[in-house]
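In what follows, a single structure is set out as structure tokens and then discussed.
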Amino acid sequence: MTKVFQNAFKNRMHSRSRRLGIVAVVAALVACSGGTTAEAQPTSADIKVNRSTNMLKGSVKTVADAIWEQVGTDVIKLDSGELLINPLNTLRVNTAHGDVYVHKNCAVLASAEPKISRFLVLFDSWSGGVTVTTEKRTKKVISGSEFDVIEASNQNTATQELVQDGLRRRHVKFFDEGSNRFIATAQFSIPDAMVKQQVLSSLQSSTDKSDRNMFEHLIKVAAAISITGSPEPYTTHE
């Protein structure tokens, strides 16, 4: 029994060391990428936190150029720009192309542009924590995955629109909805998003402890996905 216990303990420690090692690697990748990106990184002054109601307090973060408004107790209308949604209660975000429902303890990066709406799930705390709805579809989206609605005449044009954000992806699929509209689903690189998406890259240097905690949590989520997720590498898909 002693030998069995020793082997079990050794395996557990090896697994823990591997997890910690991957967390360190992901953190280093984010740090290195952040040091080489040509884009100007926002300061905490560039980030706005909505505190208009108790329901939304701490739930919505955005860069200064986003255009959005609260249109109901638990509803936000996003016209353009990007929002980081991490609600205290279930929150719905409306865009011109579709809606996302984000439940408590889940985080989504939602963005709206003239030809595309993106819904990137950073983490979900339980199955069904994030749901996207369009005219023809309703889909649950999990951590590290995205759902995009694109206005395009063909799939090649839809692909070019999708990759404009510069994120690496894998398992990219397109669905032709008709009427010059495509749905794209994929898994995206969370470390890429942490560097290239302004509202995320600002979290690390924020004076708000909850922001820094979220940044650290995202590193752990990315590490967990690298252990349990697909072995297929992320690529640019250009």
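Numbers at a glance
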| read-out | value |
| --- | --- |
| Residues (of a type in the set (Ser, Thr, Tyr), within 17 Å of Ile85 (Cβ to Cβ) and either assigned to a helix (DSSP H, G or I) or without any contact (Cβ under 8 Å) to a residue 12 or more places away in the chain (or both)) located in the stretch 202-213 | Ser210 |
| Options Gly144, Gly166: the member that is crowded, with 22+ Cβ neighbours inside 10 Å, closer than 24 Å to Ala224 by Cβ, in contact (Cβ under 8 Å) with a residue 60 or more places away in the chain and not aliphatic (A, V, I, L, M) | Gly144 |
| The stretch 147-163 - residue that is more than 17 Å from Phe188 (Cα to Cα) and of a type in the set (Ser, Thr, Tyr) and, of those, surrounded by the fewest Cβ atoms within 10 Å (Cβ to Cβ) | Ser153 |
| Pair list, Cβ < 6 Å and 6+ apart or interchain, from the stretch 97-111 residues that are within 12 Å of Ser125 (Cβ to Cβ) to residues that are assigned to a loop (DSSP other than H, G, I, E, B) and among the acidic types (Asp, Glu) | Cys106/Asp124 |
| Which numbered condition Ala222 misses (of (1) touching a helix residue (DSSP H, G or I) at 6+ places or on another chain (Cβ under 7 Å); (2) crowded, with 21+ Cβ neighbours inside 10 Å; (3) within 22 Å of His97 (Cα to Cα)) | (3) |
| Residue list for the stretch 176-194, filter: in contact (Cβ under 8 Å) with a residue 24 or more places away in the chain, of a type outside the set (Asp, Glu) and either in a strand (DSSP E or B) or under 15 Å from Ala110 (Cα atoms) (or both) | Arg181, Phe182, Ile183, Ala184, Thr185, Ala186, Gln187, Phe188, Ile190, Ala193, Met194 |
| Residue count, the stretch 225-238 (criterion: surrounded by fewer than 18 Cβ atoms within 10 Å (Cβ to Cβ), at pLDDT 90 or above and assigned to a loop (DSSP other than H, G, I, E, B)) | 2 |
| Condition met for Lys209 (loosely packed, with under 15 Cβ neighbours inside 10 Å and either over 14 Å from the mean Cα position of the chain (by Cα) or modelled with pLDDT of 95 or more (or both)) | yes |
| Residue count, the stretch 67-81 (criterion: closer than 24 Å to Asn180 by Cβ and surrounded by 16 or more Cβ atoms within 10 Å (Cβ to Cβ)) | 3 |
| Of all residues making up the stretch 117-134, the number that are in contact (Cβ under 8 Å) with a residue 24 or more places away in the chain and either surrounded by fewer than 22 Cβ atoms within 10 Å (Cβ to Cβ) or basic (Lys, Arg) (or both) | 5 |
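The values are calculated or read from the model by the stated rules, or taken from the named source; none is laboratory data. All of these numbers come straight from a predicted model, not from anything done at the bench. Note that we place each Cβ from the backbone using ideal geometry, even for glycine, and neighbour counts take in every protein chain shown.
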